[in-house]
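Chemist: Quick one: this structure, given as structure tokens, is what I'll be asking you about.
The values are calculated or read from the model by the stated rules, or taken from the named source; none is laboratory data. Remember, predicted model here, so these are calculated numbers, not experimental data. In this analysis, Cβ positions are derived from the backbone assuming ideal geometry, glycine residues included, and neighbour counts consider all displayed protein chains.
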2 protein chains.
Amino acid sequence: MKFLDISEVSKQTGVAASAIRHYEEKGLITSLGRRGLKRLFAAGVLDQLALISLGRDAGFSLDEIRDMFGADGLPALSRAGLHLKADDLDRQIERLSGLRDMIRHVADCPAPSHMECPKFRQLIRISTRRKRSRQEKRALPGRS
Amino acid sequence: MKFLDISEVSKQTGVAASAIRHYEEKGLITSLGRRGLKRLFAAGVLDQLALISLGRDAGFSLDEIRDMFGADGLPALSRAGLHLKADDLDRQIERLSGLRDMIRHVADCPAPSHMECPKFRQLIRISTRRKRSRQEKRALPGRS
DNA sequence: CTACCAGTTCAAGTCGACTTGAGGTCAAGA
DNA sequence: TCTTGACCTCAAGTCGACTTGAACTGGTAG
């Protein structure tokens with residue numbers, strides 16, 4: 001098996017070296033060891049980083065991503081917990097589809113202000129039922 | 001037409017009053033005027049706030065959301081620009097679907113570590129082609 | 001052997017999106 | 001008229017996810 005140093009990993013994934021260190025520190029990935037001070041990674045870390053970036057894009061926090069996949073491939077969440085996350089994603093996907101439709105509508109609708117267009121307002125109504133649970137979390141008053 | 005004060009709007013949308021003020025300051029919404037110091041909003045602001053929350057969930061920044069819809073319903077972006085945003089969303093939706101499939105796979109696959117499961121690794125490969133342009137932006141070195 | 005330089009640590013800084021706190025205002029009810 | 005209390009402004013603080021900078025280390029090429 002080939003070992004990669006951090007710059008190699010960074011180059012191949014597009015993830016900054018500082019971010020890679022940050023992920024290791026937070027427990028999302030692990031390095032196999034060191035050559036001197038320098039970290040050595042297994043090739044599998046490339047997939048893990050792709051996965052992390054996917055999760056980040058989906059709006060998950062680093063902690064959530066770690067819980068879902070683990071640095072070692074062992075999720076901290078139960079099967080049920082994982083399915084709940086997947087359900088979150090299903091709702092999110094529906095919301096995004098609605099938003100996409102609205103944007104395309106805005107692009108094509110000749111009405112002067114889309115807010116006055118009944119079809120547009122209906123699209124909003126349709127898409128704004130159903131939030132995912134993570135969303136609620138964000139809306140909570142900060143507990144500092 | 002009925003006018004709503006900020007607490008009414010907050011109650012009906014679940015958006016904090018401080019956030020509503022923040023959105024007005026950033027130009028995402030407008031208030032019709034004041035009664036004394038107090039802002040008065042038209043009922044339409046409820047839909048606008050739903051839209052903003054949708055856009056935030058999709059990962060758009062407040063600036064992007066303003067460009068897409070405008071406080072007054074007049075987007076700053078061209079039709080073409082809007083379609084690009086919608087295309088971004090299409091890609092994002094595909095990525096999220098892939099992530100959802102992976103999470104469900106992790107939940108159900110009996111392999112000890114999903115990173116060793118060929119099917120899982122293939123799911124990663126499938127989902128990690130195609131990033132949206134906004135994602136690139138985030139990956140750029142900060143120009144601070 | 002020594003210099004080089006990619007890589008390291010740790011603390012501090014940045015960015016977006018709000019939140020919080022202190023002190024002020026004013027329409028409305030007693 | 002006087003007092004509330006909801007809302008106001010403005011500055012500063014917070015949170016997550018990194019980034020940046022300064023000072024340091026240690027294989028490797030010359």
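Chemist: More than 8 Å from chain A (Cβ to nearest Cβ), part of a helix (DSSP H, G or I) and either at pLDDT 95 or above or buried (at least 16 other Cβ atoms within 10 Å of the Cβ) (or both) - does that describe any residue in region B:96-113?
Modeler: Yes: region B:96-113 contains one or more residues that are more than 8 Å from chain A (Cβ to nearest Cβ), part of a helix (DSSP H, G or I) and either at pLDDT 95 or above or buried (at least 16 other Cβ atoms within 10 Å of the Cβ) (or both).
Chemist: Going by what's in this entry, would A:Ala71 be described as assigned to a helix (DSSP H, G or I) and closer than 26 Å to B:Asp101 by Cα?
Modeler: Judged against the criteria, A:Ala71 is not a match.
Chemist: For the structure I just gave you, tell me whether A:Ser10 is within 11 Å of DNA strand D (Cβ to nearest atom), under 19 Å from B:Arg121 (Cα atoms), among the small types (Gly, Ala, Ser) and within 14 Å of another protein chain (Cβ to nearest Cβ).
Modeler: So A:Ser10 fails the test.
Chemist: Which residue pairs have Cβ atoms closer than 7 Å, lie 6 or more positions apart in sequence or on different chains, and pair a first residue in region B:18-36 that is farther than 14 Å from B:Leu46 by Cβ with a second residue that is in a strand (DSSP E or B)?
Modeler: Every condition considered, the pairs that remain are B:Gly33/B:Leu40; B:Arg34/B:Leu40.
Chemist: Another question about this same structure. Looking only at region A:61-89, filter to residues that are within 16 Å of DNA strand C (Cβ to nearest atom) and surrounded by 15 or more Cβ atoms within 10 Å (Cβ to Cβ); which one of those is nearest to the other protein chains (Cβ to nearest Cβ)?
Modeler: A:Ala71
Chemist: Would you check which residues across region A:56-68 are near DNA strand D (Cβ under 10 Å from one of its atoms) and in a loop (DSSP other than H, G, I, E, B) and list them?
Modeler: A:Gly59, A:Phe60, A:Ser61
Chemist: What is the one condition in (1) among the aliphatic types (A, V, I, L, M); (2) surrounded by fewer than 20 Cβ atoms within 10 Å (Cβ to Cβ); (3) within 13 Å of DNA strand C (Cβ to nearest atom) that B:Ile52 does not satisfy?
Modeler: Result: B:Ile52 fails condition (2) only.
Chemist: Which number in (1) buried (at least 16 other Cβ atoms within 10 Å of the Cβ); (2) in a helix (DSSP H, G or I); (3) among the polar types (S, T, N, Q); (4) free of Cβ contacts under 8 Å to residues at least 40 places away in the same chain marks the one condition that B:Gln92 misses?
Modeler: Looking at each condition in turn, B:Gln92 falls short on (4).
Chemist: In this structure, is A:Ala76 assigned to a loop (DSSP other than H, G, I, E, B), over 18 Å from the mean Cα position of the chain (by Cα) and free of Cβ contacts under 8 Å to residues at least 60 places away in the same chain?
Modeler: Spelling it out, it is not the case that A:Ala76 is assigned to a loop (DSSP other than H, G, I, E, B), over 18 Å from the mean Cα position of the chain (by Cα) and free of Cβ contacts under 8 Å to residues at least 60 places away in the same chain.
Chemist: State all residues of region A:34-55 that are within 12 Å of DNA strand D (Cβ to nearest atom) and more than 14 Å from every other protein chain (Cβ to nearest Cβ); if no residue qualifies, say none.
Modeler: A:Arg34, A:Arg35, A:Gly36, A:Leu37, A:Lys38, A:Leu40
Chemist: Separate question: Exactly one condition in (1) surrounded by 21 or more Cβ atoms within 10 Å (Cβ to Cβ); (2) within 15 Å of DNA strand D (Cβ to nearest atom); (3) within 21 Å of A:Leu123 (Cβ to Cβ) is not met by B:Ile20; state its number.
Modeler: (3)
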